[in-house]
Structures are given as C-alpha cells and as structure tokens.
Amino acid sequence: MCGIFSTISLDTNVKNLVVEGLKKLEYRGYDSFGISLIQNNKIKNFKSTGEIPSDPSKIEFEASGSIAIGHTRWATHGGVNTANAHPHLSQNQQYAIVHNGIIENYTKLKQELIQEHNYQFHSETDTEVIVAYFQILKENLATKQALQTLCKKLQGRYSFIILDNNTQELILARQGSPLIIGVPKDETSIFIASDVPAFVKYTQNVIYLDDNQGAILKLADQKIQSHYFDLDTLTEIQKRIIKVEINPEETELGEHPHFMIKEIWEQKDSIRKALEQDLSTLKQFVEKFNEAEKIIFIGCGTAHKVAICTQYLFAKLTKKITLHEISSELKHQKNILYSKTIVVAISQSGETAETLEAIELAKKHGCFTTCITNVRESSLDRNCDLSLFIKAGTEKAVASTKATTGQMAIGSLLAFACADRLNEGKFLLSNTGALINDMLNPRYEDKISQLAKELRYAQNMYIIGKGANYPIALESAIKLQEVTYIHAEGFAGGELKHGPLALITKQTPVLVIASNDDCFQEIISNAIEIKSRGGYIIGISPVNNEAFDYWLKVPEAGLDSPIINLIPIQILAYHISVLKDNNPDKPRNLAKSVTVK
Ligand code: F6R
C-alpha cells in the first residue's frame, strides 16, 4: 500500500536518499511514485507511473536541496496516472503533500473548496483535498492551528506530510496509518517513513507518531529541530526514542533471487524464534483466556486462515468456546462482543486497517483485546491490551510465508498453554522447527520445482484438507492465487460432494493434505472420489498412498502438522510463479500492508 518517505538533511542533495528510501518501500506495492524537493525557495515536483529505476540518475528530475518528500502510490481514488501520483501541490505551489490512507469525506470537502474558494483541482485523489484545505487555512492561521483545524475536518484513517515552502518545514499528522520518524544520533538528518526498513540502514532509533498527534520538523542552526504536539490541545509532547530490533541486512535480498524464497528458507529458524516467548506474557494470556466466556480469533486473508487453524487447535486441546472471524466481518456481529469476550487479532504488519478497526470496535464493546503480530510498536500492538510477537524478522514479499508459520506456532503455543500443557507444546514446536530445518534443503526444493514444471500450465487447481488442515487448504489457495495467477480454491474434504466435485475434469490437479491423524482415512476417500473423476492427485502427507498420483512427502509433526504442510505448497507456488515469469514478490494488484479499507 502507499509508502511515504521523507527526509531533511545537512546534505544538500537528498534526491538520491529519497529514491533509495522509496525503493525500500517498493515491497508494499505501488503503481506510481513521486518526489517534491525545495530548491531555491521553490517546490520542484516529479511524478511518474511504473517502477522506480534502481539508478536514481535514470529519473529525469534534476533537483537538489536538503528537504524532500517522496511517495509510492497504490491507486485507490482515481486511476494510475501522473496527475493522481503524489506529491500533490497546492494551487499556490507553496505546499506539497504525500499521504497514506483514505479521506472518507473528501467529496464533500472538495465541493466546499470549489464552491466557496473557486479552488481548481488537478487530480481525482482525496489527497489533493488535504493540501488544498491546508492552503486556505494557512491564509488566516498559524501552522499548528491550521493543521488542527484541517485534521478536525478530515474523516478516515490517514497519515500525511506537508512540505511547506514558506517555512521550509515538514508538517506531519497521523490518524490511523503509520508514520515513523528515524532519528540518527548526530542530529544532522531525520527520516520519516511508513515503515522502518525504509531508513533502518541509517538509524535504528525511531519515534512513533501516535494517532491524533502532529509534528513540525525543520533544519535550523545546522541541526534538525522537531516539535511534537497533541492535535486536540496543541500542547507539546515529549516523544520517546525507541531502538528497533531490525538488522539492516535482513531487509536485503542477499544471495536469493526473490524475497519470497528467502523468507521461505528463513523458516529454518523462524519457528525457534517464535518459541522464545516471554513466559509472564503467555501466563497473562492464559489467565485472561480462563476468565473469558469465549475467544474470537480474527485476521484478514492469510492471517484469517491462521485464525481458523488456531481455533481448531483450541477446540482440540481445550474446552474453551472459540470462534474465528474475518476482521472486516466482526462489525456485523456486534451483539456477540461484550466484556467476557477476548478478541485475538492476528496480523503480520499490525497495520491492516480492517483488523485495527475490528479491535477498536471490540474495545468499545468492553472486550479484552490481544494480538499476535510481527511488528513491535505497530498500531495493533499499541492498541491491544496484550501482545505476543512472532519475531520472524521483516517480511517483504507480499505473499506471507515465514510470518504465517510463525503466527501458527504462537497459536499452537497458546492452545497448549491454555490446556495446561505448555511444556508439551514447546517440545512439539521445537521438534517442528527442527523438522522444517531438515526439510528445507536444495534436494527438496528441486523435487518441488519439478512438480511446478508439470503444473505451470494448469488453469485451475484445488486443494482439500480436513480438520486443522482445512484452513491450510484455504491458505494454500491464497498462496497459489497470489503468485501464480492460477485459479485456485481450497475446500474442506467433506464439502466436495456438496458442489465442488462438479469442477473436476480429466487431469485437474488437486492437492490433498493428508496428515497422519484421525482425518486420514476420510481425506483419502475424498481423494479417491476425485481420482475416479479424472483428477490428478498430489498427496501432501508423511505416508504414501495409492490414491496419490504424486507424493510430496512431509515429516510427521503431530498436532503441528498444519505448519509443516504449508512449506511445500509455499515452495510450489513460488516455483510456478517464477516459471510463469511472474514477479513472486510483487503480485499484480496486491499490496503488502493493507492500510486502507
Ligand atoms: C497473503 C497475505 C495477506 C495478509 C493480509 C493481512 O499472503 O499476506 O492475505 O495476510 O493482508 O495482513 P496482515 O497479516 O499484515 O494483517
């Protein structure tokens, strides 16, 4: 989703810094980009559709200066063209803006500006309305007051930076979308971005702007001056500098061709990392679970599939009433949200708008809110009463892999802890981590890449599973859809005869997830039903079976089998994607961090 990168520096040529920062945000997904920079007391603006060249000199933007804003846009309001790309300039050319989020009432504000101020707009975006309003407000108000009045007018979730040519300042505001300030110790530069990897090479010291907070940053006396304030009262706020635990190298490709395969291989170690949980936090989770009448696991997309899987494990190991729900659907079930309910939000980024909104709603209804996330200090972490971190390291490929299995590992740990069998759960997970470590070897990947060659021309693929492997079938379909663009669907094995069996024709590939558990015989029966209608059966199982036309062996991992079963499917999706010449890291139309609804 849109990415913001901005900087002020003693260096008078920040263009390259901005390009580098925007390149680091590419993984979030974008279709156009732009930069504004102050040069000789004028804002110079550059916008383009398509990809950012790796070599900044290839960008035809001859400008130098020490204060700039940049943006990668993922189109929401208005098509993909340079007019709609950010930054947007105000009519008087004195302000430029970059923005992430959605202004829900922008049409009304736009009409007001046209009718009352004869304002002329140049784009179809909601963003241009913000900078337009700011220009009008600044005619009579000082910056802080103008920003306060502006933010009171805006409805929605957003963060933005306005570059002010008159005062040579950056003006920041946040309401629901992340804005993180990187503060190098020498105070000769400052970075502002939607995500830490954009500037982590330069500093790991960060300040998180909170909702309803603003900031003004500028260069004065050869030093960066920053001023943070509450947008309601305009009173000054002392912000805490936090050191983030991101190794700059982990955000680089290294020797891997794509982030997706890099992150798949990082699962050699990520389960072990997920296992390293603070015991007192786990204990607090369990205490809250024990007090609750019911627990609802929520998430979007892949994270929702983890929610279903976790719910199955809780149902298997505990007597707690557990439910799962897609984050955006929770609001349609308000009546089941009350004080004896715990909501557990699952989210890699911790910034997914629908999940954040569901948590806000749950809070409003008196629920205790918790999360399982990969990003410390993310909006979700900060909004929930309790958090557990999966510690998978930065995940850059749009298709989630290591974060998914990390989330499942924590779900498993919580279910075992809630059943008062924490040590058993830890032992099982540690064994699962070791099995994944052995499994991820070049020979195994090669075997799967051979299968990818067979499947690359498939038009449709289906995946079936039962019990806790049912959500794995759903998640496998997401992985295949995202990076291969093959039509893929996951079903519960038992549902076949109730409709989907009609889709099976000669040689339709069907992945059958058959763990060695109490579902085994039933899922094999389903496989035979498909095979007798001509389907091509790929069994993902620790044991071979005559129903399988192709056997993808996975190690036996007991109740953690769903975690293991995902690995070959992730590798398969990756290799089909590469064979089809797709970019597995940046699937078309998708973004990594979905910060708008
Ligand atoms: C698919 C994928 C998405 C995310 C979803 C939620 O591979 O990654 O379906 O799971 O957009 O994102 P987070 O986990 O950041 O809340």
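The values are calculated or read from the model by the stated rules, or taken from the named source; none is laboratory data. Since we're looking at a predicted model, the values are computed, not measured. Cβ atoms come from the backbone with ideal geometry, glycine included; neighbour counts cover every protein chain shown. Protein only, heavy atoms only, side chains kept; ligands, DNA and RNA dropped before computing areas. Shrake-Rupley method; radii C 1.70, N 1.55, O 1.52, S 1.80 Å.
In the range 207-227, what residues are farther than 25 Å from T595 by Cα and either buried (at least 18 other Cβ atoms within 10 Å of the Cβ) or touching a Leu at 6+ places or on another chain (Cβ under 9 Å) (or both)?
Once the filter is applied, which keeps residues that are farther than 25 Å from T595 by Cα and either buried (at least 18 other Cβ atoms within 10 Å of the Cβ) or touching a Leu at 6+ places or on another chain (Cβ under 9 Å) (or both), the range 207-227 yields K218, L219, Q222, K223, I224, Q225, S226, H227.
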Please determine, by comparing only the residues of the range 375-392 that are of a type in the set (D, E) and assigned to a loop (DSSP other than H, G, I, E, B), which one is surrounded by the fewest Cβ atoms within 10 Å (Cβ to Cβ). D385
Among the residues of the range 107-129, write down those that are open to solvent by less than 50 Å² (accessible area, probe 1.4 Å) and without any contact (Cβ under 8 Å) to a residue 40 or more places away in the chain. K110, E112, L113, Y119, F121, V129
Any residue that is open to solvent by less than 30 Å² (accessible area, probe 1.4 Å) and without any contact (Cβ under 8 Å) to a residue 60 or more places away in the chain - is there at least one of those in the range 94-105? yes
Pairs, please: C-beta under 8 Å, at least 6 apart or cross-chain, first residue of a type in the set (D, E) and in the range 286-306, second more than 16 Å from the ligand (Cβ to nearest atom) and open to solvent by 10 Å² or more (accessible area, probe 1.4 Å)? E291/K340; E293/I321; E293/K340
Within the range 44-89, the count of residues that are within 15 Å of S123 (Cβ to Cβ), touching a residue at least 40 places away in the same chain (Cβ under 8 Å) and either more than 29 Å from the chain's Cα centre (by Cα) or outside any loop (DSSP other than H, G, I, E, B) (or both) comes to 6
Hits in the range 556-592 (condition: of a type in the set (S, T, N, Q) and touching a strand residue (DSSP E or B) at 6+ places or on another chain (Cβ under 6 Å)): N565
Considering only residues of the range 1-43 that are assigned to a loop (DSSP other than H, G, I, E, B) and β-branched (V, I, T), which is nearest to H77 (Cα to Cα)? V14
How about the range 250-309: which helices (runs of 4 or more DSSP H) wholly inside it have at least 2 residues that are open to solvent by less than 30 Å² (accessible area, probe 1.4 Å) and in contact with a Pro (Cβ under 9 Å, 6 or more places away or on another chain)? 259-265
Looking only at the range 393-416, and only at residues there that are among the small types (G, A, S) and open to solvent by less than 10 Å² (accessible area, probe 1.4 Å), the one that is farthest from the ligand (Cβ to nearest atom): A415
In the range 126-163, which residues are touching a Ser or Thr at 6+ places or on another chain (Cβ under 8 Å) and of a type in the set (V, I, T)? V131, T143, I161
Out of Q204, Q175, Q145, report the one residue that is closer than 24 Å to G393 by Cα, open to solvent by 20 Å² or more (accessible area, probe 1.4 Å) and not β-branched (V, I, T). Q204
Condition first: crowded, with 20+ Cβ neighbours inside 10 Å and either of a type outside the set (A, V, I, L, M) or over 15 Å from G465 (Cβ atoms) (or both). Now tell me which residues in the range 503-535 satisfy that. I504, P509, S515, C519, N526, G535
Those residues that are away from the ligand (no atom under 13 Å from the Cβ) and open to solvent by 50 Å² or more (accessible area, probe 1.4 Å), I need them from the range 572-597; list them, please. V578, L579, K580, D581, N583, R588
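Determine which member of the set I372, I342, I359, I346 is modelled with pLDDT of 95 or more, away from the ligand (no atom under 11 Å from the Cβ), crowded, with 20+ Cβ neighbours inside 10 Å and not in a helix (DSSP H, G or I). Walk me through it before giving the result.
Working: I372 fails: away from the ligand (no atom under 11 Å from the Cβ); I359 fails: not in a helix (DSSP H, G or I); I346 fails: away from the ligand (no atom under 11 Å from the Cβ).
After applying the criteria, what remains is I342.
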When the range 421-465 is checked residue by residue, the ones that are in contact (Cβ under 8 Å) with a residue 40 or more places away in the chain and in a loop (DSSP other than H, G, I, E, B) are R421, L440, R456, A458
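I need the full set of residues from the range 275-311 which are among the polar types (S, T, N, Q), within 16 Å of the ligand (Cβ to nearest atom) and touching a Phe, Trp or Tyr at 6+ places or on another chain (Cβ under 7 Å), in order please.
Of the residues in the range 275-311, the ones among the polar types (S, T, N, Q) are 277, 280-281, 284, 290, 302, 310-311.
This time we only want the ones that are within 16 Å of the ligand (Cβ to nearest atom), so: 302, 310.
Matches in the range 275-311: T310 only.
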Please report, ordered by residue number, the strands (runs of 3 or more DSSP E) entirely within the range 466-546 with at least 1 residues that are of a type in the set (D, E, K, R). 487-492
Taking the options E556, E522, name whichever one is in contact (Cβ under 8 Å) with a residue 40 or more places away in the chain and under 26 Å from N431 (Cα atoms). E556
Residue list for the range 468-489, filter: crowded, with 24+ Cβ neighbours inside 10 Å and closer than 20 Å to Q407 by Cα: A468, N469, Y470, P471, I472, A473, E475, S476, K479, L480, E482
What residue, among those in the range 178-201 that are of a type in the set (G, A, S) and touching a Ser or Thr at 6+ places or on another chain (Cβ under 6 Å), is surrounded by the most Cβ atoms within 10 Å (Cβ to Cβ)? G182
Residue list for the range 114-132, restricted to those being within 18 Å of L150 (Cβ to Cβ) and outside any loop (DSSP other than H, G, I, E, B): I114, E116, H117, T127, E128, V129, I130, V131, A132
